[in-house]
Each structure stands twice: as C-alpha cells, then as structure tokens.
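The values are calculated or read from the model by the stated rules, or taken from the named source; none is laboratory data. Just so you know, these numbers come straight off a predicted model, no measurement behind them. Backbone-built Cβ (ideal geometry, glycine too); neighbour counts: all protein chains shown. For accessibility, only protein heavy atoms count, side chains too; no ligands or nucleic acids. Shrake-Rupley method; radii C 1.70, N 1.55, O 1.52, S 1.80 Å.
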Amino acid sequence: MRKLRIGVDLDGVVFRTLDRVLEIYNEHKGSSYQADDIRSWDSHHWMDGDEYVYEIFNDPEIYRDLPLAPGAREILTRLDSRHEVFLVSDTPAHCLVPRMEQLRRVFPPDRVRFMGERQIFIGKFKEHILLDVLLDDKPANIVRFQQAGHGTAVVYDWLLNRELTGYPRVRDWYEFEKLIETMEQA
C-alpha cells in the first residue's frame, strides 16, 4: 500500500459551513436560501446582491460549532491511521480560536495524529504545501494546486463548483475514501 500525504479543506468539505451561514442569514433576513441555491463562489450574486452573507462568514462565532459533513469524522480517522492527513484552510485569522476549539472537540488530539501533531495549515495558497492529494471545494484552490504539479486535486462537489471540469470529483466522504483506496494501489 502506498502511503499518501492527504490535504483536506475544512469549510465546505469537513464542515457544512455554507449550511450554517445560510441558516443565520435566513433567520436575520427572513429568507429561505439553501446551499443548492448558491451556484457560484460569489454567494451574494445568488442572494439579490446582498453582501451581508460575507459578514456571517467573518464572524468568529460561526466557527465554534459547525455541522460536520456526513462521514467526515469516521473517514478522516480511518485515513489518518494509514496516511499522513493535513487540515488546510483559509480560515480568517480572527476566527482561529473558535475554529481550533471545535477541531479539538471533533478530532481529539489523543485519537487522531493530524491533531496531535498539529498538521494544520492556515493560508490562502494551498499549492505551497507538498501533498499527494488535496480535497477542496474552491475552484481557485483546485486549479492552483493542480498547476503546481505536486499531486492530484480532487473536487468536493457542490453546485457552486460544477463549472470546474477535468478533475476527479467526489460527492461525499465515502466516494473520497474509495478514490484514496484506488490511489493506494497505484
């Protein structure tokens, strides 16, 4: 089995951040937007041009208790036992304390190596990290990582990144685990 260095984005991949942001937005604005209503990275274009949505993304409190994507915890734990897993995120600096508190609750450092060894990288340019695989949902991250030539960029599927073609794409964590199993054998 080939041991891989796997980078995993947090927002939109490990955590269902957009779901929580839209829940808060809808409560505040009296609207009913769902994640499937957002069809490009610039969310406000699908919300009558309202940029209030970005204020929510920049509120440290939302990073305290985000819902997990189905399967994320169990599959990341399994992958961590066979590979080197790195959490990679462009979390705003002023939101790091609540983000780290939630990560420690969800992935206790005494149970998963990537937390115990603090394999967590915060920054916009994920292509600078030497990985075999990057799982991300943001088109710009996918393109830049693949162009850097270090490894394989995998798209975590959302309607907001469907225009991105030519890359491996997974709809959920279970598909990602199967993809990794095929890469282990390569």
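Within the range 61-100, track down each residue that is under 17 Å from the mean Cα position of the chain (by Cα), of a type outside the set (Gly, Ala, Ser) and farther than 21 Å from TYR174 by Cα.
ILE62, TYR63, ARG64, ASP65, ASP90, THR91, PRO92, CYS95, LEU96, PRO98, ARG99, MET100
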_Filtered residues of the range 1-50 (kept if over 14 Å from the mean Cα position of the chain (by Cα), in a loop (DSSP other than H, G, I, E, B) and touching a residue at least 60 places away in the same chain (Cβ under 8 Å))_ = MET1, ARG2, LYS3, LEU4, ILE38, ARG39, SER40
_In the range 174-186, the residues that are in contact (Cβ under 8 Å) with a residue 12 or more places away in the chain, touching a Lys or Arg at 6+ places or on another chain (Cβ under 9 Å) and either open to solvent by less than 20 Å² (accessible area, probe 1.4 Å) or in a helix (DSSP H, G or I) (or both)_ = GLU177, ILE180, MET183, GLU184, GLN185
_Residue in the range 78-98 that is most open to solvent (accessible area, probe 1.4 Å), counting only those that are closer than 23 Å to ALA153 by Cβ and part of a helix (DSSP H, G or I)_ = ARG78
*Of all residues in the range 141-172, count the ones that are among the basic types (Lys, Arg), free of Cβ contacts under 8 Å to residues at least 24 places away in the same chain and either assigned to a loop (DSSP other than H, G, I, E, B) or over 19 Å from ARG39 (Cβ atoms) (or both).*
2
_Checking the structure you have, find out if any residue of the range 104-120 is without any contact (Cβ under 8 Å) to a residue 40 or more places away in the chain, open to solvent by 60 Å² or more (accessible area, probe 1.4 Å) and closer than 20 Å to GLY12 by Cβ._
yes
